[in-house]
Structures are given as C-alpha cells and as structure tokens.
1. Only one of R31, R26, R36 is at negative phi, part of a helix (DSSP H, G or I), in contact with a helix residue (DSSP H, G or I) (Cβ under 9 Å, 6 or more places away or on another chain) and surrounded by 12 or more Cβ atoms within 10 Å (Cβ to Cβ); which?
2. I'd like the full set of residues that are touching a Leu at 6+ places or on another chain (Cβ under 6 Å) and in a loop (DSSP other than H, G, I, E, B), limited to segment 7-23.
3. Identify all residues within segment 1-16 that are modelled with pLDDT of 95 or more and under 19 Å from L62 (Cα atoms); write none if there are none.
4. Would you mind stating whether F120 is at negative phi, part of a loop (DSSP other than H, G, I, E, B) and of a type in the set (F, W, Y)?
5. Considering (1) among the β-branched types (V, I, T); (2) more than 17 Å from the chain's Cα centre (by Cα); (3) modelled with pLDDT under 95, say which one V39 fails and leave the rest.
6. Within segment 100-121, take every residue that is within 17 Å of Y29 (Cβ to Cβ) and free of Cβ contacts under 8 Å to residues at least 60 places away in the same chain and give me the one that is surrounded by the fewest Cβ atoms within 10 Å (Cβ to Cβ).
7. List every residue pair whose Cβ atoms lie under 6 Å apart, where the two residues are 6 or more positions apart in sequence or sit on different chains, the first residue falls within segment 85-99 and is of a type in the set (S, T, N, Q), and the second residue, located anywhere, is assigned to a strand (DSSP E or B) and at pLDDT 95 or above.
8. Might you check whether a residue that is closer than 19 Å to V39 by Cβ, touching a strand residue (DSSP E or B) at 6+ places or on another chain (Cβ under 7 Å), assigned to a strand (DSSP E or B) and among the acidic types (D, E) occurs anywhere in segment 131-141?
Amino acid sequence: MNKAPAIVINKDLLIRKPIKSDIDDRLSYGRPKEFRKMVGGSMKDIPGYTYQDAVDFYERALSNEFNWIIEYKSKLIGICRLTLNPERDKARYSIGIYDESLYSKGIGTKVTNSVVEYAFNSLHIQFIQLMVLEFNKRAIRAYEKVGFTTKKVLHNNAQIDGVDYNDIIMEINR
C-alpha cells in the first residue's frame, strides 16, 4: 500500500501518490528512448507502450510503499521511489523522468532533494543509496548537487545490447 505523502516542491512541481488519470499521462510518453537508455534498457526493437502497460505502471506505483508520481504543471512527468530497509535505517532511491523536454531543468535535483529530506527528517533513515549507469552524467551531477557521493564502481555490471557498462553506487548520509 502506498504511504507516500504529497510534497509540494514549488508552485509547478510536486510529488504525490498515484491517481487514476496517471494512466493516460503515462501512456502519452510511450517508451522514451533517452529515458530507456539511461536506465539500461535495450535500444533495439523497442516495443510499443500499451494501455495495459500504463495500467500495470499505475498498479505497481500504488502497491509500493513510498512511490511518488512527479507532477509538473498538473501532469505526470515521472516517478521516484524509496525502498526502505528499516532494520538497517537505510533506503534505496530511484527516479525517472519520462518527459525528455524537461531534462537539465533541475527537476530531478529538486525532487531528489525533497525525498532525501523527507527520508532523513520524517522516516529517520540514516543513509540512502542508489545505483546509476556511469554514462548517465546528467543524473550523477544531480545526485552530487544533493550530496550523494560515489562509494563504489561495479565494473562491467550492466550489459546493454551486448556492451558492458559500469554501474556506480552512490550514497548520502544523514
């Protein structure tokens, strides 16, 4: 069950629980190529994105405890998630923005900063970890602006279309 509270970041940007209209918003993006590449998806034979895919997205977002829809100017533009490990006072973080026209606008940094503040101050998490592909420089810069630092490089950990890439483990401590 989704327990994520709405967090207003500014007049145009907020993160919130999923709502039914997110199905149509998510469907409108299909499978953005840049997004797909940055999360390690194959760039070959990209399948279409169906209405059922969008419904499945919505249902997964509802079922995860701390999944937020990223809403910009009243429309879904992405999603972010905290996966908690309360026994160890830690969490894993992920974010994805589907609207490629909004890349490099500081949205990912603002959303990540808000989620980190919420995790530290409301959930009393002690540290947050994430994994990012080494070639995703834009995301790495955003994470560094929030205070994440590189902890480990997993060499040749990801294979995309037959090519090996490094994953970077980044962390931020309370």
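1. R26
2. The one that is touching a Leu at 6+ places or on another chain (Cβ under 6 Å) and in a loop (DSSP other than H, G, I, E, B): P18.
3. Those that are modelled with pLDDT of 95 or more and under 19 Å from L62 (Cα atoms): L14, I15, R16.
4. Criteria not met by F120.
5. Failed condition: (2).
6. Among residues in segment 100-121 that are within 17 Å of Y29 (Cβ to Cβ) and free of Cβ contacts under 8 Å to residues at least 60 places away in the same chain, the one surrounded by the fewest Cβ atoms within 10 Å (Cβ to Cβ) is S101.
7. Between residues of segment 85-99 that are of a type in the set (S, T, N, Q) and residues that are assigned to a strand (DSSP E or B) and at pLDDT 95 or above, the close pairs are S94/R81.
8. First pass over segment 131-141, keeping only residues closer than 19 Å to V39 by Cβ: 131-141.
Filter once more, keeping what is touching a strand residue (DSSP E or B) at 6+ places or on another chain (Cβ under 7 Å): 131-135, 139-140.
Checking which are assigned to a strand (DSSP E or B) leaves us with 131-133.
With the extra rule that they be among the acidic types (D, E), the set shrinks to none.
The answer is no; no qualifying residue exists.
The values are calculated or read from the model by the stated rules, or taken from the named source; none is laboratory data. As the structure is a prediction and not an experimental result, all values here were calculated from the model. So basically every Cβ, Gly included, is an ideal-geometry build from the backbone, and we count neighbours across all protein chains shown.
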